[in-house]
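Below is one structure, written out as structure tokens; the observations come after it.
Just so it is clear, none of the values below were taken in a lab; they were calculated from the coordinates. Quick caveat: nothing in here was measured; it's all calculated off a predicted structure. Neighbour counts run over all protein chains shown; Cβ positions are idealised from the backbone, glycine included.
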Amino acid sequence: MEITWYGHACFRLKDRNATIITDPYDKSLGLTLPRLTADIVTISHNSAHHNYTKAIKGDFKVVDGPGEYEIKDTFITGIHLIQQKKENKPRKRNNLFVFYMDDITICHLGDLNHIPTQNQVENMGNIDVLMVPVGGQQALNAAQAAEVISLIEPYIVIPMHYKLPDLAVTLEPVEKFLKEMGITPPTPEPVLKLVQSGLPEETQIVLLEPNQ
């Protein structure tokens, strides 16, 4: 299977059965989303920076809530976690999704903004690839992201939801997260191609180039 990043929380997950797009955004984010085709579109929460399905082509199914789904021979589990309240801002509903593709388990945390409980982590199951927000504001900051990673213990971590050129929202740079993790910045990759037998033995951070 392969994973492509389009900036913010938007990814394309593709295997021999299906193409999934996560959290498509509109132009108010400051980025331009290419015209993408999908079989499945997942929405973590109701925001134009995460739910702009009009940008996606194809006869796709939208998954925007908790539950277990089987679409195009692809299994998806949606887990609903309400965000913790920050300052005077209202709490948002957030869905994280676990995808089962090519014998690989992938988790997209959406706009998670708090450390999940041990029970919530156990409900996710064993995660091979974790897409985690690291830029703060309404989602996890660098230190929180590092703690979540230590709880979930994935083989591969893909940071998302961080500062990019032209982004209309203020987020922290990914370098702050990499420093928190104690690693030197890896070379960004345009596409991540994975097979189950090729997963690393220890947690590895992978940076993806934002495809615009």
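Yes/no per residue for (1) closer than 26 Å to SER47 by Cβ; (2) free of Cβ contacts under 8 Å to residues at least 40 places away in the same chain; (3) loosely packed, with under 12 Cβ neighbours inside 10 Å; (4) touching a Pro at 6+ places or on another chain (Cβ under 8 Å):
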residue: THR170; (1), (2), (3), (4): yes, yes, yes, no
residue: MET181; (1), (2), (3), (4): no, yes, no, no
residue: THR187; (1), (2), (3), (4): no, yes, yes, no
residue: LEU192; (1), (2), (3), (4): yes, no, no, no
residue: GLU209; (1), (2), (3), (4): yes, no, no, yes
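Scan the stretch 143-164 for residues that are part of a helix (DSSP H, G or I), touching a residue at least 40 places away in the same chain (Cβ under 8 Å) and buried (at least 21 other Cβ atoms within 10 Å of the Cβ) and the total you get is 1.
Which residue is nearest to the chain's Cα centre (by Cα), if the candidates are limited to the stretch 111-125 and must be among the polar types (S, T, N, Q) and surrounded by 12 or more Cβ atoms within 10 Å (Cβ to Cβ)? Lay out the reasoning, then the answer.
Looking only at the stretch 111-125, we keep the residues that are among the polar types (S, T, N, Q), and these are 113, 117-120, 123.
Filter again for surrounded by 12 or more Cβ atoms within 10 Å (Cβ to Cβ), leaving 113, 120, 123.
Values: ASN113: 13, GLN120: 17, ASN123: 17 Å.
Among those residues, the one meeting the criterion is ASN113.
Return the residue satisfying two criteria in turn: it lies in the stretch 35-77 and is among the aromatic types (Phe, Trp, Tyr) and assigned to a strand (DSSP E or B), and of such residues it is nearest to MET160 (Cα to Cα). Per the criteria, the residue is PHE75. In the stretch 1-22, of all residues being under 15 Å from ASN211 (Cα atoms) and among the polar types (S, T, N, Q), the one that is surrounded by the most Cβ atoms within 10 Å (Cβ to Cβ) corresponds to THR22.
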